[in-house]
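See below for the structure under consideration.
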């Protein structure tokens, strides 16, 4: 049993940061394999927490400076802190659309849209949009992101609530269409991930407390989360290199092939 949870932790860790949709792959694996762990929401919360820790660790210096400068600007109003104060506000603004839709439509999405055929179609849509941005380089740095850009990227993140649409892929597409440089779009994409992930986990913790955890499964959850954390760390680093080199075409091919196979055979 532990091996199954470790494998699922690897799958979660690898698919979370790259533009192929971790939620979509969960639906696909549920369709292919009759494994009880795939329906274990408590385990899903644990592995998501592992991925969250990895991404926070990667961006720890950026996060610390943004938070520090945010409060220093409120206190001192010095220009040297203004850019990160604005950046923090843009993260909040970009998070609002997905946050609101997630609260309102969470149950509908989980009950009616966890269909494997829809996931296949969503993967093809992801392939199309990644193809459209594959050669874009952008021209905006962190300081040049506007409120309109944040709203636009936030709306793209709303689309990623549907299984099969990658969150990182959707926000990267929104960022590149807004003229952000690859590095800028990559960073802002993962900055938006952090508050959304925190909110999702907060709701999940409530469910864990209410349902409880079998002591026999706790060790599986912990090891699964550790594996997801480690794999997410290296997958994010790997994906950053691919993104900056403009090699998104690899993910276009993958989503195109995976989506087609899912539609035809599942």
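The numbers here are math on the coordinates, done by the rules we state, and not lab data. Just so you know, these numbers come straight off a predicted model, no measurement behind them. Heads up, the Cβs are rebuilt from the backbone with ideal geometry, glycines too, and the neighbour counts pull from every protein chain shown.
7 Å from Cα along Cα→Cβ at both residue 216 and residue 234: what's the point-to-point distance in nm?
3.2 nm
Can you sort 250, 221 by how many other beta carbons sit within 10 Å, fewest first? The partial results should precede the final answer.
Details: 250 12, 221 24.
Ranked by crowding around the Cβ, least crowded first: 250, 221.
For every helix of n ≥ 4 consecutive DSSP H residues, a contribution of -39,500 (n - 2.57) applies; sum these over the chain, divide by its total residues, and give [θ] at 222 nm rounded to the nearest 500 deg cm²/dmol. Please report the intermediate quantities before stating the final value.
Working: 11 runs with 210 residues, N = 266.
The helix contribution divided over the chain gives -27000 deg cm²/dmol.
So how far apart, in nm, are the two label points at residue 6 and residue 71 if each is 7 Å from Cα heading toward Cβ?
About 4.1 nm separates the two model spin labels.
Neighbouring Cβ atoms within 10 Å as the yardstick, rank 227, 262 fewest first. Please report the intermediate quantities before stating the final value.
Working: 227 21, 262 24.
Ranked by crowding around the Cβ, least crowded first: 227, 262.
Taking Kirkwood radius over Cα pairs in Å as the quantity of interest, determine which of [x] 18.9; [y] 20.2; [z] 23.3 was computed from the displayed structure.
The value computed from this structure is option [x].
With r defined as the distance between the Cβ atoms of residue 202 and residue 135 and R0 fixed at 45 Å, what FRET efficiency is calculated, to the nearest 0.05? Before the final figure, lay out each step's value.
Working: r = 39 Å, r/R0 = 0.86.
Plugging the Cβ-Cβ distance into 1/(1 + (r/R0)^6) gives 0.70.
Can you tell me the relative contact order of the chain? Whole percent, Cα pairs under 8 Å, sequence separation 6 or more.
Working: 377 pairs, mean separation 101.9, N = 266.
Taking the mean separation of contacting Cα pairs over the length of the chain, I get 38 percent.
Please find, in a Gaussian network model of the chain (springs between Cα atoms separated by less than 10 Å), the residue of 143, 44, 183 whose mean-square fluctuation is greatest.
Greatest mean-square fluctuation among the candidates belongs to 143.
So how do 149, 40, 62 line up by other beta-carbon neighbours within 10 Å, fewest first? Walk me through the numbers on the way to the answer.
On the way: 149 23, 40 19, 62 15.
Fewest to most other Cβ atoms nearby, the residues stand as 62, 40, 149.
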